[in-house]
């Protein structure tokens, strides 16, 4: 027996034993010759007491210790084996007792730099206190409801981990010595940070727990020109502001956005141990549009109006979000916006206009070299425009390199080709990460953390693992559409395909970085990105992604594609309306967040009848003022404001300033924690009004702002000498001084 340093011991497998008064967790080191253990008190009904033995035991000494524990507790039932585990997920408490979550089965899904990456095949939740000390709270209905909510977070779906490689970090961050000293549980991509907080605080180490990452991990082997290489695609979903589609939208006050996912594409040579291996990676990001907005679910319609919440003071939350992106990835930050710019009934266009205003406000305060680069490309409009000119499957298309030659190609090829060329602009600015790794011994014999015995330098050094960094990625491409699911996934595939060509050219596998869309490499990459898109869409939206372009590339029958698309839309609608609330509560419980609050009308009961007399209920879920009652409602609202009473009505979107239509004034919503009295009469008067656009008031003749905008686009294209190209296909221009062009 000898005292052991926790940093020199790493548990990958343990045995859970039980006595009347304690649980014993006996863990085996990676070398299978050393053992350690800790115990958990079972006689405390509502507290978590953990005691770790810092002594390292040999196999014989460990068996002898367990034998003595069994003999000492024989009168109370002795020592019993409960289960075999491969990592502790964490501990949680609801009303009274603590529970332990542990992984009982695992499955290898790939490797990174020789370190194995696993998914969770089976998990178990163990109640800590002995039944003799539990009170009635441990059996109440509330406790059972919390247990059911926690079990709704299925650890066997899309969770993965590694014992010796930090999968919550990108390859570049793992090999950057400036970032390897940070605690892995502080990462925004570790989902069980809250669950492991108690055991890490008591034991002062994390050798017994595993850091779970939620998202997607897929690794395949490909070959080009007779050379094999490994392609790994990793998607890491942020735990900040995480949740479901309609309950987590936009940005919160801390600058965290919904559906925030980091995607990393890693390409590595397949070579024997001891030889130098080239590895390249590129990271891109997706996330909800970082402004305050929401969208309510409704049983009566699938496409509900967008609600832009009027509390964006100088876009502080948006600025925090992009500052965080800059801290994580550096500059330049390139924003690719795929939302619609033309709609008969504005929904996405309202949100797009607010987004452009926010980016312009941010760029106005930044130096030129740190400004956000903005690209607007309406993918829906371009696809719709192509379908007008293609009565059959194929159409004439002008070559992307401005050559005066025409070729026959499908609509999917045209859209993907344009996106590929568009994302190349971003990749040339961001570049890729490239390094050479030489390792002389298997990684599984190294200590934790993995990079502890790695020599990182510009020149190769002698050591167990030598890393020679050739190039760094600077900045990141941030892509978004309305939900950041369907269109975003197509754009990320185009970016990944453009990056793959540069990565293979760096390895010397290709002479040119251009990979044709009909190349087998493009097909394999499309398959893996489609699987990733379906997984991420199920996590956030409740159904697989809409992959019309991918299906068309495979030559599927168009009616079949439309039928599958309808099924996915209906599945997403049902899940959003009926199941998302329980799913959101389970996620919040798992992450340690307060449960989401339902939006409701906060009215004074005494004056509730007055408000009802000024409002009429519509078929939607919103309370809508009739034009004749606007003045009465405004007068009543001012009376409530003067009396310092807080009243809430439904949030309504503000009409963009470029729209010709002027709507009647409508009371603004303030949250229950906000006050409507600012001390300034003029400001208060502005705050009590916002613009409201009722769906029945739209018409093609009234809402003509997009025609004016489109005319500006055409005039801009002609002024810049783009007559030889299709104006609808021109690339978006960069935002530099707060302005933008929609092309």
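Brief remarks follow.
- Packing, taken as the mean count of other beta carbons within 10 Å per residue, orders the peptides 152-160, 228-236 from highest to lowest as 228-236, 152-160.
- Packing, as the average of other Cβ atoms within 10 Å across residues, places the peptides 551-560, 481-490, 101-110 in the order 481-490, 101-110, 551-560, highest first.
- Gain on full extension, evaluated as 0.36 nm per residue between residue 157 and residue 197 minus their Cα-Cα distance, stands at 12.1 nm.
- Inter-site label distance for residue 136 and residue 519 at 7 Å from Cα along Cβ, in nm: 7.1 nm
- Highest mean first, the peptides 68-76, 43-51 sorted by other C-beta atoms within 10 Å per residue fall in the order 43-51, 68-76.
- Here, region 1-211 has an Rg and a Dmax of 17.8, 57 Å when only alpha carbons are counted.
- For residue 582 and residue 225, a Förster radius of 51 Å and the Cβ-Cβ distance give a FRET efficiency of 0.50, rounded to the nearest 0.05.
- Dmax and Rg, reported as Rg then Dmax, of region 184-291 (C-alpha, Å): 18.1, 55
- Ordered by the count of other Cβ atoms within 10 Å of each Cβ, fewest first, 355, 563, 165 give 563, 165, 355.
- Residue 367-residue 67 pseudo-label distance in nm [points 7 Å out on the Cα-to-Cβ vector]: 7.1 nm
Quick note: the coordinates plus some simple rules give every number you see, no bench work behind them. Bear in mind the structure is a predicted one, so any value in this text is a computation, not a measurement. As a convention, Cβ positions derive from the backbone with ideal geometry for all residues, glycine included, and neighbour counts pool all protein chains shown.
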